[in-house]
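The values are calculated or read from the model by the stated rules, or taken from the named source; none is laboratory data. Treat the numbers as computed from the prediction; the structure is a model and nothing was measured. We place every Cβ from the backbone using ideal geometry, glycine too, and count neighbours over all the protein chains shown.
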Amino acid sequence: MSDPFHYETFRGIPPLAGLCSMERAIASEWSVERSAERLKRLHYVLKRAHETLTARITAEPIFELKSAYSHHAYLCAEQVTLIRRRVSEMREPPLGLDKVPHPALERLMDEVIAAPSSAELVTGLYTVVLPAVLDACRRLAAEAHPLADAPTVRVARLIEFELADAVAFGNEAQRCLDDDLPVSTNAWVERLRACLAAAGDLDGTETVSDTLPDAWHSLTPYEYQKEPRRDERFQDPYNAGVNPEAFLYAEAFSARDKTLMMYYKRLREIDVPEMMASILVELRQEEPWEFHMEMSRQLWDEARHAVMGEVGFVAQGIDWRQIPINFTWARNLNLQLDARERHGVLFFIEQGLMPKTGKRYEWEVATLSGDPLSKLFQDFDWADEVLHAQIGRRWYVPRYSSLNEALKYGDVCWSKVLSQWRQYLEEGLTEHRNWWPEVYAQACQNWGETPDPVALAFHETYEGKRADLEQID
């Protein structure tokens, strides 16, 4: 019985809840201190990665990257939360999670967020930083005591599992953007790797250097760009010549026709992450981590809804690139309101989606339409928006004396936003073209049906109206 190599369990059932062998469990080269130190390094890099991805969403023009940043920022937020919880269990008050573990890691993440182009950001984050996170997690899962420190092993494995797909995405995206990389990229990547080496690798398991690699892109400190940008597929983004809410709530139109407008509304929702990112960036130092965690989930949900709209149009055989996907809601809020005011507008809109005329109505329309994909998407869209309303009640409402006051403030903030509908027209930024008839006619052709002449003639714009159909200046 004393020999671990010949230890016998009942009928040979694996020992130790399947965590490891008895031989491995007897090894004792580990400690709470070592575990916490490695977790804190992972925490620092993942939190900075979350901040980087979030900050780059608004001005990222490429739709696929904008949605991926939203997703991966959320994953990083979940992983940061896992680490914070685990460190708090390890005799670590105060946790010291806000301390920079090593100056070279700070330099590394300053360099990545300051990357001047999409291609360089993807290269730095997905081919250097996140692979280093995966390697650190693999080492931690292998070297942490599998029994005594089983919760840490679980955390490391979960992080590796989720981020492996993100790294695979980033590597493929980097390959696709390779032609956009400047000739200096290889030297910059070597500078990033030098930062990791100076830090003793991401987890500090190698020799640490006192020599800090020189700054490159971070010589010019990163500044958040709050004006949304879109790639060339998004033609006529100032166009507000079609009011989908007016169509959706009109009794004269069929449920099937309304699904097209709902797919448009979903795809247009990419403007919500573009706006929400500004809230998270500007309130980074004012709100606790739990606020950023939950808001990152909501931001990702909104990006996911936009991707649902993309899928919906593809399923309908409609080229969404012919449709002006408007971005002026995010643009106007970002440029005209502060972060607290934007949050107020967001909460007011979310609460307005809770009555029967909101998300439930959209699901009912989708159900009646005979389009199973629309029904599926609206089912989950409705569920997500219920969660978002709850997030708002946790993090926005407590700042006010009552729910009604919180709602009133959001309404007032939204009302003072100038739509600039007429200004954009007069400046030649758009003609507010009515794109609906051609898209509807294309859909009817795909369905093998004759267009409803009343639906085909729809031409109500956003001039003088908000998305909730309230009048504005």
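Structure data summary
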{"item": "Residue match in the stretch 416-429 (condition: part of a helix (DSSP H, G or I), loosely packed, with under 13 Cβ neighbours inside 10 Å, touching a residue at least 12 places away in the same chain (Cβ under 8 Å) and in the same structural domain as PHE347 (by TED's automatic domain parsing))", "result": "yes"}
{"item": "Those residues of the stretch 331-384 which are among the small types (Gly, Ala, Ser), surrounded by fewer than 15 Cβ atoms within 10 Å (Cβ to Cβ) and at negative phi, in sequence order", "result": "ALA383"}
{"item": "Test set (1) part of a helix (DSSP H, G or I); (2) buried (at least 22 other Cβ atoms within 10 Å of the Cβ) - ALA17 fails condition number", "result": "(2)"}
{"item": "Counted residues, the stretch 57-73 - those being surrounded by fewer than 24 Cβ atoms within 10 Å (Cβ to Cβ) and of a type outside the set (S, T, N, Q)", "result": "8"}
{"item": "Selected residue [part of a helix (DSSP H, G or I) and either among the basic types (Lys, Arg) or in contact with a helix residue (DSSP H, G or I) (Cβ under 8 Å, 6 or more places away or on another chain) (or both)] from GLU287, GLU274", "result": "GLU274"}
{"item": "Lone qualifier among ASP214, ASP210 - being at pLDDT below 95, surrounded by fewer than 16 Cβ atoms within 10 Å (Cβ to Cβ) and part of a loop (DSSP other than H, G, I, E, B)", "result": "ASP210"}
{"item": "Some residue of the stretch 217-237 being outside any loop (DSSP other than H, G, I, E, B) and out of contact with any Phe, Trp or Tyr (no Cβ under 8 Å at 6 or more places or on another chain)", "result": "yes"}
{"item": "Any hit, the stretch 91-104, residues being within 12 Å of the chain's Cα centre (by Cα) and either outside any helix (DSSP H, G or I) or not assigned by TED's automatic domain parsing to the domain that holds GLU302 (or both)", "result": "no"}
{"item": "Residue in the stretch 283-305 that is of a type outside the set (S, T, N, Q) and closer than 28 Å to GLY428 by Cα present", "result": "no"}
{"item": "Candidate set: the stretch 257-312, residues that are over 30 Å from ASN446 (Cβ atoms) and polar (S, T, N, Q); chosen: the one modelled with the lowest pLDDT", "result": "GLN285"}
{"item": "The stretch 335-380, residues that are farther than 30 Å from GLU282 by Cβ and in contact with a Gly (Cβ under 9 Å, 6 or more places away or on another chain)", "result": "ASP371, LEU373, SER374, PHE377"}
{"item": "Those residues of the stretch 166-184 which are surrounded by fewer than 14 Cβ atoms within 10 Å (Cβ to Cβ), aliphatic (A, V, I, L, M) and in a helix (DSSP H, G or I), in sequence order", "result": "ALA168"}
{"item": "Test: residue in the stretch 281-291 that is assigned by TED's automatic domain parsing to the domain that holds VAL417 and either of a type in the set (Gly, Ala, Ser) or more than 30 Å from VAL80 (Cβ to Cβ) (or both)", "result": "no"}
{"item": "Single unsatisfied condition, TYR396 versus (1) touching a residue at least 60 places away in the same chain (Cβ under 8 Å); (2) crowded, with 19+ Cβ neighbours inside 10 Å", "result": "(1)"}
{"item": "Residues of the stretch 105-131 that turn out to be buried (at least 21 other Cβ atoms within 10 Å of the Cβ) and not in a helix (DSSP H, G or I), as a count", "result": "1"}
{"item": "Residue satisfying condition, being within 16 Å of ALA49 (Cβ to Cβ), under 22 Å from the mean Cα position of the chain (by Cα) and buried (at least 20 other Cβ atoms within 10 Å of the Cβ), within set LEU163, LEU202, LEU134", "result": "LEU163"}
{"item": "The stretch 142-160, subset of a type outside the set (Asp, Glu) and in contact with a Ser or Thr (Cβ under 7 Å, 6 or more places away or on another chain), residue surrounded by the most Cβ atoms within 10 Å (Cβ to Cβ)", "result": "THR152"}
{"item": "Pairs with Cβ under 7 Å, 6+ apart, first in the stretch 64-75 and outside the structural domain of SER296 (by TED's automatic domain parsing) and free of Cβ contacts under 8 Å to residues at least 60 places away in the same chain, second among the hydrophobic types (A, V, I, L, M, F, W, C) and assigned to a helix (DSSP H, G or I)", "result": "TYR69/LEU53; TYR69/ILE57"}
{"item": "ALA73 among the hydrophobic types (A, V, I, L, M, F, W, C), at pLDDT 95 or above, in contact with a Leu (Cβ under 6 Å, 6 or more places away or on another chain) and more than 23 Å from GLU223 (Cβ to Cβ)", "result": "no"}
{"item": "Options GLY124, GLY170, GLY204: the member that is in the same structural domain as LYS66 (by TED's automatic domain parsing) and at positive phi", "result": "GLY204"}
{"item": "Residue under evaluation ASP468, criteria (1) in the same structural domain as GLY312 (by TED's automatic domain parsing); (2) closer than 18 Å to GLU245 by Cα, criterion not met", "result": "(1)"}
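So that you can scan it fast, the table gives a plain yes or no per residue for (1) surrounded by fewer than 24 Cβ atoms within 10 Å (Cβ to Cβ); (2) free of Cβ contacts under 8 Å to residues at least 12 places away in the same chain:
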{"residue": "PRO237", "(1), (2)": "yes, no"}
{"residue": "ALA240", "(1), (2)": "yes, no"}
{"residue": "PRO244", "(1), (2)": "yes, no"}
{"residue": "PHE247", "(1), (2)": "yes, no"}
{"residue": "GLU251", "(1), (2)": "yes, yes"}
{"residue": "ARG256", "(1), (2)": "yes, no"}
{"residue": "THR259", "(1), (2)": "no, no"}
{"residue": "ARG268", "(1), (2)": "yes, no"}
